[in-house]
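This report refers to the structure that appears directly beneath it.
The values are calculated or read from the model by the stated rules, or taken from the named source; none is laboratory data. Computed from a predicted model, the values in this text were never measured in an experiment. With ideal geometry, Cβ positions are generated from the backbone for all residues, glycine too; neighbour counts draw on all protein chains shown. Side chains are part of the model used for accessible areas, which takes the heavy atoms of the whole protein and leaves out ligands, DNA and RNA. Shrake-Rupley method; radii C 1.70, N 1.55, O 1.52, S 1.80 Å.
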Amino acid sequence: MKYANIKYHDIANGLGVRTSLFVSGCTHRCQGCFNQIAWDFDYGEEFTENTIKEILESCKPAYISGLTLLGGEPAEPCNQRALLPLLRRFKEQFPSKNIWCYSGYIYEQDLLSREGRAHCEVTDEFLSYIDILVDGEFKQEFYDIGLKFRGSSNQRILKIHEEGCPELIIE
């Protein structure tokens, strides 16, 4: 996997101060996407063990609330597989911090369902580490600058529960 960017001390992509990893690769190709350069799976830097160490190190300070995954598309099956070692280690080292994930895929239909477009052999474990999922493709016709933590009103902010029943967070 490659990644487009890492933002340290990010306050735009989740609650609190966070480290945000922008992965490369996305098949949605949403019109009006803010990060079209990250659609290409070959764009950016190689995601390595050293990258994981740097991200984990950046999350050590108490003022860091957690980690955010966005892109590109973190829930593309190949990206899910590559992100698992980071997610496992993050939750081991920082059990009280949270993980936000932005995905154009719909939670129940594309990720949770075994027949879903993005469901693969690691999806259940991948989702088990996600605390907050912002799901749904960005839709230009529903763009609203006043929305917090999402670009279009069709997107949902979901608190993921262990039993797989999401709680919609309304702002």
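Excluding same-chain neighbours fewer than eight residues apart, the lysines reachable from residue 97 by a Cα-Cα span under 28 Å are 2, 7, 53, 60, 148, 159.
Sum -39500 (n - 2.57) across every DSSP H segment of at least 4 residues in the chain, then divide by the residue count to get the 222 nm mean residue ellipticity, nearest 500. Only helices count here, giving -6000 deg cm²/dmol.
Considering the convex hull of the alpha carbon atoms of the stretch 1-60, report its projected area averaged over all viewing directions, in nm², one decimal. Don't skip to the answer; put the middle values down first.
Values: hull surface 17.9 nm².
Value for the stretch 1-60: 4.5 nm².
Using a simple spin-label model with pseudo-atoms 7 Å out from Cα toward Cβ, residue 42 and residue 108 lie 4.0 nm apart.
Farthest toward the positive end of the dipole of the chain, out of 109, 9, 119, is the Cα of 9, where the dipole comes from beta carbon charges about the Cα centre. With θ taken as phi - 60° and the Karplus curve 6.51 cos²θ - 1.76 cosθ + 1.60 applied, the whole-hertz 3J(HN,Hα) list for the stretch 138-149 is 5, 10, 3, 5, 10, 4, 8, 5, x, 6, 8, 6 Hz, x standing for glycine and proline.
For the stretch 1-138, the alpha carbon convex hull comes to 95 Å³ per residue, rounded to a whole number. In loop segments of the stretch 37-123 as defined by DSSP, the GluC sites (Glu not before Pro) with at most 11 further C-beta atoms inside 10 Å of their C-beta are 115, 121.
For the stretch 31-70, the equivalent ellipsoid derived from the Cα gyration tensor has semi-axes of 25, 16, 5 Å, listed largest first.
Tell me, what is the per residue accessible area of the stretch 26-171 in Å², probe radius 1.4 Å?
Working: 7540 Å² over 146 residues.
Ligands and nucleic acids excluded, the figure is 52 Å² per residue.
Would you mind telling me the share, in percent, of accessible area of the stretch 1-154 contributed by carbon and sulfur at probe 1.4 angstrom?
C and S fraction of accessible area: 51 percent.
A prolate overall shape is assigned to the stretch 36-97, the ratio a/c of its alpha-carbon gyration tensor axes (a ≥ b ≥ c) being 1.5 or greater and a/b exceeding b/c. Over the stretch 64-165, the fraction of Cα-Cα pairs per 5 Å bin, rounded to whole percents and listed from the shortest bin up, is 2, 13, 24, 25, 19, 11, 5, 1, 0. Placing a label point 7 Å from the Cα of residue 147 along the Cα-to-Cβ direction, the residues of the stretch 17-49 with a backbone N closer than 13 Å are 31-34.
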